[in-house]
Structure formats: structure tokens, C-alpha cells
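Notes follow the structure.
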Amino acid sequence: MVSREELTETILAVIRETVALKGSSITSLTLESRIDESLGLESLDWAAIVAVLEERTQVDPFQRGLKQELQTVGDLVDLYVSEINHGVRVGESVR
Amino acid sequence: MIGRHLTEGFARHRDRIALIHGHDQFTYGDIGELANGLVDAWSALSGQRVAVSIAAPASFVAAIAALDLLRSHAFLVGARRHEELQNLQDAFAWDRTIRDQDVQMVSPVPLNSLNSSSDDSGLVTILTSGTTGRPKAIHHSWKRLADSVRRDARYTGTRWLIGYPLTLYAGTQVLLHAMLNWATLVIPVSLDPGEVCRTLKDKGVTHASGTPTFWRQLVFFGSRDVLQGSKLEQITLGGEAATQELLDQLRLGFPQARIVHIYASTELGRLFSVTDGKEGFPAQFLKESPEEGVDLKVVDGELMVRGRTQMISCDGQRPPAEQPSVWTATGDLVEVCADRVLFKGRRNDVVNVGGRKVSPLKVESALRGLPGVVDVRVYAKKSSVTGHLVAADVVLAPGFSEETLGAELRRAATQALESYEIPRLVRVVPKLEISQALKVVRSEQVQ
């Protein structure tokens with residue numbers, strides 16, 4: 001089982017890598033950072049982050065559609081924690 | 001056809017070298033006499049459907065010549081694992097499989113006893129190089145395949161290096177070109193650029209054929225000195241779109257060579273060639289037939305062809321192009337830019353990002369010019385958020401690091417591409433995923 005701390009670290013690392021791929025850097029990235037363009041990331045970048053996280057965590061909560069509003073990086077971590085706690089892996093059927 | 005040709009020209013050409021593979025070389029006499037021995041040994045295969053699963057090139061050529069003389073129907077399946085062969089046999093129901101050992105146990109027989117009076121031609125089935133699912137079986141006759149080969153006395157004694165497997169359509173074309181012109185077919189033991197370079201130099205190769213991927217690897221990883229000192233008179237590209245940057249590099253690296261880009265497919269055969277060193281083909285080809293009996297047009301951005309075909313049938317179906325009035329979709333997306341028609345990629349390779357279509361070729365072309373980028377493969381990666389994302393695998397030259405790539409890539413991409421076309425997922429890989437036919441694989445969701 002992946003801990004919340006490990007998951008948080010993975011998500012923050014993937015966000016940083018995505019920002020770096022765009023040729024920029026982030027001075028401050030915390031759970032309170034907002035998921036909007038303040039990090040310099042567009043919607044396609046967030047789609048890429050979800051795809052990379054799927055490879056690293058084996059889960060993709062967005063496959064089931066989004067039921068809650070995501071505003072901060074902390075919300076994103078909560079979403080993945082909740083998905084992993086459901087024990088749903090990519091490719092498994094979801095009822 | 002191939003069998004009759006080899007046996008009839010035997011007296012004049014028996015001492016000429018037909019084939020070089022690594023350290024081995026075989027004369028036309030060696031191959032003709034082995035084929036003759038096989039005709040005697042395999043008389044029971046006459047008229048049968050026979051799978052040719054042979055790895056050794058000389059054995060392969062002798063076997064297809066013998067099967068042609070026996071009027072058998074040869075299925076060029078190549079050396080494969082037992083299970084894979086079994087699956088193909090279930091699908092295509094051939095009568096017998098011949099392997100390397102079936103040729104090795106037969107002794108050559110002097111050629112003066114051979115009966116080659118018939119004008120008939122054996123059938124040959126080539127499997128498409130499809131990277132996913134079951135390959136398609138395309139049926140040809142040796143005679144029709146040989147009809148598109150230009151025969152010219154100046155080719156006699158030239159040396160043709162083949163950058164394709166012998167069992168695929170492009171491979172059979174190079175094989176027939178060499179054999180029908182009494183030239184020497186040179187088969188490197190591997191398609192590793194170092195090995196190809198050594199073979200070019202050591203074997204005095206004059207003509208070489210391969211996919212743009214084959215040539216790109218050779219230009220980047222081959223020894224510059226060897227390439228510049230080569231005796232290449234002709235470079236032939238086929239199977240993929242040749243980009244301007246590659247054509248320019250070949251022109252620079254081989255200033256003395258004629259560069260020919262052939263447009264052909266297993267199903268449609270050879271349609272036309274371009275030799276002016278520019279990517280795509282002249283828009284004039286849409287108005288005037290590029291070659292006798294071949295017409296081209298563009299419908300909804302896709303290249304359509306009409307005209308002769310070498311194929312007899314495909315998986316038992318008569319080919320639509322058999323009727324001269326029928327247009328066949330090629331699956332190649334093109335764009336007419338002034339006096340040129342440019343390839344934009346395969347219809348199936350287009351990446352759909354939230355409803356906007358991205359051409360992998362366009363993105364690859366934008367990234368290839370970056371410092372340190374040897375090659376790049378752009379493909380669709382499924383996304384639960386946008387449908388698909390543009391993903392890229394990049395091969396870096398020695399001395400370049402992944403760290404510097406991201407920013408460089410982004411900067412170049414931003415200048416040349418729309419935001420939705422820029423690869424959002426980028427991996428640095430040691431080499432690109434390449435199909436058996438040495439083409440870049442762009443199938444979706446490659447992990």
C-alpha cells in the first residue's frame with residue numbers, strides 16, 4: 001500500500017517535471033498551490049500529469065469522471081488517495 | 001519466373017556472385033544447382049501451398065526458385081517461432097512448411113538436367129508488415145512482381161545492399177532487381193548501423209535500399225569516414241515518408257549518389273518514384289500520370305490511386321484496383337503546397353487531441369532539428385482527460401542529456417507547432433520501437 005506521503009511526493013515530482021519540460025521552474029509548490037494557470041500549466045499539461053501518474057501509480061481517478069471540484073494540489077492528492085483506497089487499478093472494471 | 005530466369009541464364013552467369021551474406025558468398029551457379037536439387041527432392045510439392053520459413057538467404061533464394069519451377073504457391077513467412085507459425089498456418093491453411101534444415105539435407109544437382117520449358121509462374125504470398133493483429137496475406141505471381149523490375153545491362157555486376165527482410169514486399173523487389181539483372185545481392189548479417197557501414201565498405205556496395213528509418217540510423221550512427229568513402233551510386237528509400245532533412249543529409253553525405261524515393265505498398269505494388277531530392281512529390285503528378293497506368297488524386301486530404309496493381313488477391317478477395325476505373329485509398333494523408341504534394345502521415349496515426357487533429361510527421365519534423373536529437377517517434381497516448389495526448393520518444397546523440405532536452409524541445413516546439421501539437425509526454429529512449437520492416441511503429445498506447 002502506498003502511503004499518503006509517498007503519493008504526495010510522487011504527485012509533486014510529476015508536477016515539477018512537467019513544469020521543467022515546459023522550460024520553466026516553480027519557486028513554491030505546496031499542497032495549497034492552486035490548480036489553475038498560476039503554476040504555468042495548461043489543461044493539456046494537467047492531462048499529461050494524469051497520464052504520467054497513471055504509469056507511476058497504476059490508477060487513474062479521471063477514468064470514472066470527476067465528481068468533486070479540484071482547486072488545489074492537495075485536492076488532487078486526496079483524489080488519488082481515495083482512488084487507491086478503493087483498490088481500483090487501471091483496467092479493472094468499476095461498478 | 002525467378003526459377004526460369006536463374007536456370008536459363010545459368011550458362012552465361014554461373015560464375016558471377018549472386019549473393020553475399022556476412023563472410024559467405026554464393027555464385028549464380030551455386031544457387032541454380034541447389035534450386036535444381038530442390039526441384040528433384042520436392043517434386044511432391046508441385047502445385048502445393050508451401051510456407052517458406054527459412055533464415056539463410058542463399059537457401060531462401062534457392063527454395064523460392066525451386067518452388068516457382070514446381071508451380072507451387074510460396075508463402076513467404078520468414079523464420080518465426082513455432083507457435084506463431086502454427087497460428088499463421090491455421091489462418092492461411094498451407095500444405096507444408098519448409099525450413100532451413102529441409103534445404104540443408106538436399107544436395108545440389110548440375111543444372112544441365114533441368115526442365116524449365118513452361119512459361120507459367122508460381123504464386124507467391126507476402127504478408128503485410130502490420131505491427132498489430134494478424135498480418136494480411138497479399139497474393140502475387142512472380143511474373144507480375146518481376147514485370148515492374150527495370151532490366152538494364154548496366155546493372156550487371158553491381159552490388160545491391162538490402163535494408164529490408166527478404167520476405168517483405170520491398171525485400172522481394174530488391175531481390176528481384178538484383179537477380180534479374182545478374183547483380184550481387186548483399187545482405188548484412190544485421191541492420192545495426194556499424195555492421196551496415198562495414199558491409200558497405202568491405203563488399204563494395206554500389207546500390208542500397210532501405211526505409212528512411214534505416215537511412216536515418218545509418219547517417220547518425222554510422223562511421224562518417226566509411227560513409228563518405230563508400231562507392232554508393234544509388235540510394236533508394238521506401239516504406240515511409242522521406243523528410244527533407246533526411247534527403248538533405250543523404251545528399252551531403254553521398255554527393256555522388258542518385259537518391260530515389262519509391263512510393264509502393266504490398267497491396268498496390270510500385271506506383272511511382274521521385275528523384276529530385278525534395279520531400280513529397282510534384283503536384284504535377286495529380287494532373288499527369290507519374291508512370292504509365294497510374295493515376296493519383298487527393299480526396300479529403302488522403303492520397304487515392306488508380307491503375308495497375310501487381311496483387312492478384314488479398315486474403316481471398318479480388319483487389320478493387322484490379323478494375324482500372326476504381327480508386328483505392330492509400331491511407332496516406334497529404335497536403336498540396338504550391339507545386340508539391342507533401343505527406344502528413346498515415347490516416348491511422350493521426351492523434352486526436354480533444355477533437356483537434358495532429359500529424360505525427362509534422363511534430364517529428366519540428367523536433368528532429370534540435371541539437372542532440374538523433375530521431376524521434378510521435379504517437380498518441382490515451383488520456384482520460386482529453387481523449388489523446390501527443391507523446392514523443394526521443395533518441396539522443398552521445399553526450400546530450402535528458403535535462404537539457406526538455407527546455408530545448410519546448411522552445412523549438414513552441415516556434416513550429418500549435419499548443420495542442422506539442423508533445424506533453426516525452427521519454428528519452430535508447431532506440432525507437434521499429435517494426436520488422438524497419439519502419440517506426442506509431443501504434444497507440446505503446447508503453
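The values are calculated or read from the model by the stated rules, or taken from the named source; none is laboratory data. Values in this document were obtained by computation on a predicted structure and should not be read as measured data. Backbone-built Cβ (ideal geometry, glycine too); neighbour counts: all protein chains shown.
Things to note:
- Condition met for A:S25 (within 11 Å of chain B (Cβ to nearest Cβ), among the hydroxyl-bearing types (S, T, Y) and either free of Cβ contacts under 8 Å to residues at least 40 places away in the same chain or within 17 Å of B:T386 (Cα to Cα) (or both)): yes
- The residues listed here are B:F220, B:F214; of these, the one that is in the same structural domain as B:A58 (by TED's automatic domain parsing), more than 14 Å from B:G163 (Cβ to Cβ), assigned to a helix (DSSP H, G or I) and in contact (Cβ under 8 Å) with a residue 60 or more places away in the chain is B:F220.
- Residue in the stretch A:12-21 that is away from every other protein chain (no Cβ under 14 Å), touching a residue at least 24 places away in the same chain (Cβ under 8 Å) and among the hydrophobic types (A, V, I, L, M, F, W, C) present: yes
- Residue in the stretch B:403-415 that is hydrophobic (A, V, I, L, M, F, W, C), free of Cβ contacts under 8 Å to residues at least 40 places away in the same chain, farther than 30 Å from B:G78 by Cα and in a loop (DSSP other than H, G, I, E, B) present: no
- The stretch B:53-77 residues that are more than 24 Å from B:Q436 (Cα to Cα), paired with ones that are part of a strand (DSSP E or B) (beta carbon under 6 Å, 6 or more apart): B:L67/B:V50; B:L67/B:A74; B:S72/B:V50
- Boolean, B:V205 is among the β-branched types (V, I, T) and at pLDDT 95 or above: yes
- Test result for B:L67, part of a helix (DSSP H, G or I) and of a type outside the set (V, I, T): yes
- For the stretch A:1-33, the set of residues classified as surrounded by 15 or more Cβ atoms within 10 Å (Cβ to Cβ), assigned to a loop (DSSP other than H, G, I, E, B) and modelled with pLDDT of 85 or more consists of A:L29, A:S33, listed by residue number.
- Test: residue in the stretch B:288-311 that is touching a Leu at 6+ places or on another chain (Cβ under 9 Å), closer than 22 Å to B:N348 by Cβ, part of a loop (DSSP other than H, G, I, E, B) and among the hydrophobic types (A, V, I, L, M, F, W, C): yes
- Qualifying residue in the stretch B:349-358 (condition: away from every other protein chain (no Cβ under 14 Å), in a loop (DSSP other than H, G, I, E, B) and within 24 Å of the chain's Cα centre (by Cα)): yes
- Of residues in the stretch A:38-63 being under 23 Å from B:A412 (Cβ atoms) and more than 8 Å from chain B (Cβ to nearest Cβ), the one modelled with the highest pLDDT: A:I49
- Test result for B:E240, touching a Cys at 6+ places or on another chain (Cβ under 9 Å) and either of a type in the set (D, E, K, R) or assigned to a strand (DSSP E or B) (or both): no
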